[in-house]
Amino acid sequence: MVWSVASTDNEYIGGRRMVAKQLVGRVDNSAYPAVDVGIKVTLVLPAETAGPVPVLMMFAPARYPAPSQPTAEEAARIDAAMKADLVARDPSLAAAFQAHPGFVFVSPPGFFPAPPNDERISILVAAGWGVALVDTASIQADNGAGLRSGIIGLINKGQPRKPDDWGALRAWGWGASRALDYLETVPGVDAKRVGIEGVSRYGKAALVAMAFDQRFAMVLVGSSGEGGAKPHRRNFGEAVENLTGTGGYHWMAGNFLKYGASQASFGARTPGDIPVDSHELIALCAPRPTFISYGVPEKGDANWLDQQGSYMATVAAGQVWTLLGAKDLGVGNDYRTASMPPVLTDMLDGQLAWRQHDGGHTDAPNMKYFIAWADRQIGWKAP
């Protein structure tokens, strides 16, 4: 894979000067040129720092978080050039522009609000961290039709995938690992302190990425539901059949689909036939810092995500943290009797953490708690 910097933007986030770079990691497709994969990442680092900083990799569109705006002089030049170009195409527009001299295509600074910024990025920047936004669509499409393109399609040379081949979740995790390869070459990044984050389907992918790549130092798993922290065998809410049906089958390996089959040549299969469950996926992250986050159904973090079941799986996984000398949630390991603590309860004393905020389908309300917890876990203090 060859990485290149497509563009660089000098930005201000929360009053802090940052350098944002849009990167493209081009995968070697010489074996099948019909499929082109270029992983898009936006890396945002402090413009001035005493040394390398931790970075949270987030599954999100790789846009500039706070694009710089043109100066008043630049805005006037852009406006004049646009008008001149239009008049060259349609000379009659000259009279219209003369009749409306106050009309401008590009307003000077101060006439419109700054572009919206993800509050989570502002929190990270304020804590002295960097951010890497990984565009999942540039790795693998989020639909079944895309399985013949993206990295899965490239490996299979445009042919249907085999039962053992990845689904999109693993492909996205692979892409995050390739982005981490690049971050390891950047002097401003503390490559031993790079975490991974995602919400919903991307929460599933973040958990998978953390489980499969020991280099990730920490993970924030947001509202991941079935295929993430929720147990397959628990008969509540989102079910295995939701992952094997038309809406989500592309997330999983082909072999997983048989566990949603009520009728098949090999006979009926149920979630009880799956040889593993979500607590074991969580446990693959041990003893590294792992933060499981959820919101509340009343605000949009739906019941079908099964917050209670995910808490049970987190409790069950905790045994591996203690086995490896780390600290779990501190509530024992009997997941069958484990009951979720009240909303807004901080369970942040160990390397395995849980917090249910009072917001919706997002991890934004938990970001400041995650950062404070992660700083303690990795021994980081912003200069």
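Scan the stretch 266-293 for residues that are β-branched (Val, Ile, Thr), in contact with a helix residue (DSSP H, G or I) (Cβ under 8 Å, 6 or more places away or on another chain) and assigned to a loop (DSSP other than H, G, I, E, B) and jot them down. Reasoning before the result, please.
Pass one, the stretch 266-293, residues β-branched (Val, Ile, Thr): 270, 274, 276, 282, 290, 292.
Checking which are in contact with a helix residue (DSSP H, G or I) (Cβ under 8 Å, 6 or more places away or on another chain) leaves us with 270, 274, 282, 290, 292.
Selection gives THR270, ILE274.
One residue stands out in the stretch 283-322 among those that are crowded, with 22+ Cβ neighbours inside 10 Å and aromatic (Phe, Trp, Tyr): the one that is nearest to MET210 (Cα to Cα), namely PHE291. For first residues located in the stretch 309-328 and under 17 Å from ARG355 (Cβ atoms), partners that are of a type in the set (Val, Ile, Thr) and part of a helix (DSSP H, G or I) and lie 6+ apart or on another chain with Cβ distances below 7 Å form the pairs ALA313/ILE282; THR314/ILE282; ALA317/ILE282; ASP328/THR322. Please work out which residue is modelled with the highest pLDDT, limiting yourself to the stretch 354-382 and to residues that are over 17 Å from VAL296 (Cβ atoms), of a type outside the set (A, V, I, L, M, F, W, C) and assigned to a loop (DSSP other than H, G, I, E, B). Per the criteria, the residue is GLY379.
Sub-6 Å Cβ pairs linking a first residue in the stretch 89-110 that is at negative phi and assigned to a loop (DSSP other than H, G, I, E, B) to a second residue that is surrounded by 10 or more Cβ atoms within 10 Å (Cβ to Cβ) and modelled with pLDDT of 90 or more, at least 6 apart or interchain, are PHE105/MET82, ordered by first then second residue.
Residues of the stretch 50-68 that are crowded, with 16+ Cβ neighbours inside 10 Å and modelled with pLDDT under 90: ALA66 alone.
A count restricted to the stretch 305-339 and to residues that are in contact with a strand residue (DSSP E or B) (Cβ under 8 Å, 6 or more places away or on another chain), under 14 Å from PHE236 (Cβ atoms) and hydrophobic (A, V, I, L, M, F, W, C) stands at 2. For the stretch 198-219, the condition of being in a loop (DSSP other than H, G, I, E, B), crowded, with 20+ Cβ neighbours inside 10 Å and not aromatic (Phe, Trp, Tyr) holds for at least one residue.
Out of the stretch 173-231, which residues are among the acidic types (Asp, Glu) and either touching a His at 6+ places or on another chain (Cβ under 9 Å) or modelled with pLDDT under 95 (or both)?
Looking only at the stretch 173-231, we keep the residues that are among the acidic types (Asp, Glu), and these are 181, 184, 190, 197, 213, 226.
Across the stretch 173-231, the qualifying residue is only GLU226.
Return the residue satisfying two criteria in turn: it lies in the stretch 1-23 and is closer than 25 Å to GLY150 by Cα and in contact (Cβ under 8 Å) with a residue 40 or more places away in the chain, and of such residues it is surrounded by the fewest Cβ atoms within 10 Å (Cβ to Cβ). Write out each step before concluding.
Initial filter on the stretch 1-23 (closer than 25 Å to GLY150 by Cα): 1-7, 21-23.
Still in the list and also in contact (Cβ under 8 Å) with a residue 40 or more places away in the chain: 1, 3, 22-23.
On the way: MET1: 13, TRP3: 17, GLN22: 19, LEU23: 22.
Going through the qualifying residues, I end up with MET1.
For GLY146, the criteria (1) surrounded by 24 or more Cβ atoms within 10 Å (Cβ to Cβ); (2) in a helix (DSSP H, G or I); (3) in contact with a helix residue (DSSP H, G or I) (Cβ under 8 Å, 6 or more places away or on another chain) hold in every case but one, which is (1).
The values are calculated or read from the model by the stated rules, or taken from the named source; none is laboratory data. Being a predicted model, the structure only gives us computed values, none of them experimental. Positions of Cβ are backbone-derived with ideal geometry, glycine not excepted, and every protein chain shown enters the neighbour counts.
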